[in-house]
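The structure appears right after this line, and notes come after that.
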Amino acid sequence: MEKNIYALLNEIETNTDHYKREDLSEFEKKRLKVFTGKLRKKKHRVRRTAAAAACAAVVLGAVGITMFSDQVYAQIKAVSYDIASFLGIKKDLDPYKTVVSKSVTKEGLTVTLNEVILDKDELVISVTQTSEDGYPTEKSQAEASLDAFLYINGREASGSASGGARKISEDTIESVINCDVKNLNMDEKYDIELKFYRQGDFDTAWEFAFSTSGEELAEHTREIPLDDSFELPDGSAISLNTYTSNDLGQKIYFSSDRKRIEYDIMLKGEDNLGNPVSFYLSRLEGNKGKLKIDDLTGEISEEATSLQLTPYAVAFPKESGKMSSDYEQVGDAVEIPLS
């Protein structure tokens with residue numbers, strides 16, 4: 001089952017002209033995009049005794065894209081190799097993470113698994129790759145993608161992923177990847193295996209094994225049931241089911257009354273203190289999905305007691321991979337309590 005952990009979704013175009021940015025190469029811009037999707041199964045010549053699942057993403061036909069904020073750019077340049085700094089999170093994540101800090105060097109490539117955090121339905125991993133030949137050109141950077149396989153207790157563990165990556169020195173690329181995991185009990189400790197391969201080459205593996213638990217983070221996660229809905233232009237109904245919040249961020253889980261969702265969805269508004277808030281589409285699988293807080297808009301104030309969010313949507317392109325930015329309001333504002 002071949003998976004590309006750093007899939008760039010090059011065929012998707014987004015309009016980022018209104019964001020103020022430092023000058024970046026086209027590779028860096030693409031690497032910093034958040035990607036979402038569903039895994040595609042492929043056959044290859046490697047035999048495996050356990051079911052393999054990959055942290056990877058491919059196009060569903062069209063997906064929502066966002067860029068990291070200027071704050072995140074500054075944090076990435078600190079080259080600290082931790083999840084909080086990469087994502088621009090100011091809170092202390094140390095109580096929730098498992099520090100692996102293990103490097104494997106083969107064939108001139110060193111892959112380092114820095115740390116991981118298990119968060120309900122996601123395994124967040126920080127990984128760096130350093131090449132003896134470096135990454136002097138955009139072509140060499142684009143060809144640096146790794147295939148990866150994820151196992152939890154020896155079984156298939158992931159269906160899709162999202163994340164970002166960037167070149168942080170002449171020979172090193174850093175990434176943070178959110179791998180979907182399902183049906184895990186956060187109170188338990190799990191044995192995790194990650195196997196990395198050069199893209200398309202399964203003869204040499206960079207392998208890592210460790211144990212982790214999501215118990216501590218689960219204890220500090222708030223879950224608030226929701227009972228709001230709105231209708232998409234095709235007549236399908238979207239139900240907002242659950243709001244969750246912890247030190248990693250905020251999420252809103254939703255579902256549709258149809259088998260598939262054909263629209264990119266965004267919730268945009270403000271908290272009760274007047275601060276702007278926005279949630280972007282992070283994951284879509286069948287008739288269920290997940291929205292995440294958009295750091296481009298701003299963090300939710302710890303003093304806020306509620307959110308007023310208005311739903312917007314734009315249809316996924318039928319043929320080309322070019323996403324439209326013509327979002328239309330598809331419902332009235334909904335109020336989400338924060339306590």
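The values are calculated or read from the model by the stated rules, or taken from the named source; none is laboratory data. It should be emphasised that the depicted structure is a prediction, and the values quoted were computed from it without experimental measurement. Backbone-built Cβ (ideal geometry, glycine too); neighbour counts: all protein chains shown. Just the protein is used for accessible areas: all its heavy atoms, side chains included, with ligands, DNA and RNA removed. Shrake-Rupley method; radii C 1.70, N 1.55, O 1.52, S 1.80 Å.
Could you grab the pairs with beta carbons closer than 9 Å, sequence gap of 6+ or different chains, first residue in the stretch 310-339 and touching a residue at least 40 places away in the same chain (Cβ under 8 Å) and outside any loop (DSSP other than H, G, I, E, B), second one buried (at least 16 other Cβ atoms within 10 Å of the Cβ) and among the basic types (Lys, Arg)?
310/268; 311/268; 312/268
Of all the residues that make up the stretch 247-271, how many are closer than 18 Å to residue 287 by Cα and either touching an Asp or Glu at 6+ places or on another chain (Cβ under 7 Å) or in a strand (DSSP E or B) (or both)? So that I can check it myself, show each step before the final result.
Filtering the stretch 247-271 down to residues closer than 18 Å to residue 287 by Cα leaves 251-267.
Those still in the list that are either touching an Asp or Glu at 6+ places or on another chain (Cβ under 7 Å) or in a strand (DSSP E or B) (or both) too: 251-256, 262-267.
Number of matching residues: 12.
Would you check which residues across the stretch 249-265 are among the aromatic types (Phe, Trp, Tyr) and open to solvent by less than 20 Å² (accessible area, probe 1.4 Å) and list them?
Passing the criteria: only 254.
Of all residues in the stretch 201-229, which are outside any strand (DSSP E or B) and either open to solvent by less than 20 Å² (accessible area, probe 1.4 Å) or out of contact with any strand residue (DSSP E or B) (no Cβ under 7 Å at 6 or more places or on another chain) (or both)?
Selection gives 201, 202, 203, 205, 214, 215, 216, 217, 218, 219.
Could you list all residues from the stretch 212-239 that are among the hydrophobic types (A, V, I, L, M, F, W, C) and farther than 19 Å from residue 327 by Cα?
Within the stretch 212-239, 217, 218, 224, 226 qualify.
Is it true that residue 232 is closer than 13 Å to residue 290 by Cβ, open to solvent by less than 30 Å² (accessible area, probe 1.4 Å), hydrophobic (A, V, I, L, M, F, W, C) and touching a strand residue (DSSP E or B) at 6+ places or on another chain (Cβ under 6 Å)?
Details: closer than 13 Å to residue 290 by Cβ: no; open to solvent by less than 30 Å² (accessible area, probe 1.4 Å): yes; hydrophobic (A, V, I, L, M, F, W, C): yes; touching a strand residue (DSSP E or B) at 6+ places or on another chain (Cβ under 6 Å): yes.
So residue 232 does not fit the description; no.
Filter the stretch 107-118 down to the residues that are buried (at least 22 other Cβ atoms within 10 Å of the Cβ) and not hydrophobic (A, V, I, L, M, F, W, C) and list them by number.
Within the stretch 107-118, 114, 115 meet the criteria.
Regarding the stretch 287-299, can at least one residue be identified that is among the small types (Gly, Ala, Ser) and farther than 22 Å from residue 261 by Cβ? Lay out the reasoning, then the answer.
First, the residues of the stretch 287-299 that are among the small types (Gly, Ala, Ser): 289, 298.
Going one step further and asking which of them are farther than 22 Å from residue 261 by Cβ, we end up with 298.
Checked the stretch 287-299: at least one residue is among the small types (Gly, Ala, Ser) and farther than 22 Å from residue 261 by Cβ.
Have a look at 324, 306, 320 and point out the one that is modelled with pLDDT of 95 or more, hydroxyl-bearing (Ser, Thr, Tyr) and open to solvent by less than 80 Å² (accessible area, probe 1.4 Å). Steps first, please.
Numbers: 324 fails: modelled with pLDDT of 95 or more; 320 fails: modelled with pLDDT of 95 or more.
After ruling out the rest, the residue left standing is 306.
Consider residue 192 carefully, then state whether it is open to solvent by 10 Å² or more (accessible area, probe 1.4 Å) and assigned to a strand (DSSP E or B).
no
If I ask for residues that are over 13 Å from residue 174 (Cα atoms), surrounded by fewer than 17 Cβ atoms within 10 Å (Cβ to Cβ) and modelled with pLDDT under 50, which ones from the stretch 68-106 would you list?
70, 71, 74, listed by residue number.
If you take the residues in the stretch 91-138 that are touching a residue at least 40 places away in the same chain (Cβ under 8 Å) and assigned to a helix (DSSP H, G or I), which one is nearest to residue 192 (Cα to Cα)?
So the residue we want is 96.
Going by what's in this entry, would residue 162 be described as part of a strand (DSSP E or B), among the hydroxyl-bearing types (Ser, Thr, Tyr) and open to solvent by 10 Å² or more (accessible area, probe 1.4 Å)?
no
Exactly one condition in (1) without any contact (Cβ under 8 Å) to a residue 24 or more places away in the chain; (2) farther than 24 Å from residue 81 by Cα is false for residue 156; which is it?
If we test residue 156 against (1) without any contact (Cβ under 8 Å) to a residue 24 or more places away in the chain; (2) farther than 24 Å from residue 81 by Cα, just (1) comes out false.
Go through the stretch 131-153 and give me each residue that's in contact with a helix residue (DSSP H, G or I) (Cβ under 7 Å, 6 or more places away or on another chain) and open to solvent by 20 Å² or more (accessible area, probe 1.4 Å). Full working, then the answer.
Within the stretch 131-153, the first condition is being in contact with a helix residue (DSSP H, G or I) (Cβ under 7 Å, 6 or more places away or on another chain), and the residues that meet it are 135, 138, 141-142.
Result: 138, 142.
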